[in-house]
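Report on the following structure.
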Amino acid sequence: MSDISTTLSAMGGNQAADEVTLAAMGSRAIRLGALTPTTAAGTADAAFSQAISGKTADSTLSASDESGLFSMSGTNLVATAPPAATYTVTVTETLARAANSPRATTVTVTIS
């Protein structure tokens, strides 16, 4: 796979340069698939761990939520003793050579 860098310039009263990197991917462009599950459940005030499947080889996973309680450990969505609540967690898969990277998946976690 090779990269082609092209500089595009807008001419006129306002000159700007944008660099665009085009990846020559041939007929087999890499696309990130769906991650699962999109719902999970756990017990309040106990360690939480849920395996996330569908990760593409060599990609990375990260997690974010408003509470800041959830993170990724390998392919597991984890939290240390979250209180009872319903959380919306965004799991993001990133792979530089994938056409649709980064790809975000929303996981609803119910802790009771």
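Bear in mind these aren't lab numbers, they're just calculated from the coordinates by the rules spelled out. Since the structure is predicted, the reported quantities are computational estimates derived from the model, not experimental observations. Neighbour counts run over all protein chains shown; Cβ positions are idealised from the backbone, glycine included.
Computed quantities for the displayed model
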quantity: Summed side-chain charge close to THR106 - residues other than THR106 whose Cβ falls under 14 Å, Lys, Arg +1, Asp, Glu -1; calculated: -2
quantity: Karplus-derived 3J(HN,Hα), 6.51/-1.76/1.60, for each residue of region 71-81, Hz, glycine and proline x; calculated: 8, 9, 10, x, 9, 10, 7, 10, 8, 9, 6
quantity: Cα-projected label distance for ALA85 with ALA57, points at 7 Å along beta-carbon direction, nm; calculated: 4.0
quantity: Sorted by Cβ density within 10 Å, fewest first, the residues ASP45, ASP65; calculated: ASP45, ASP65
quantity: Measure of compaction for region 28-111 (Cα Rg per 2.2 N^0.38 Å); calculated: 1.11
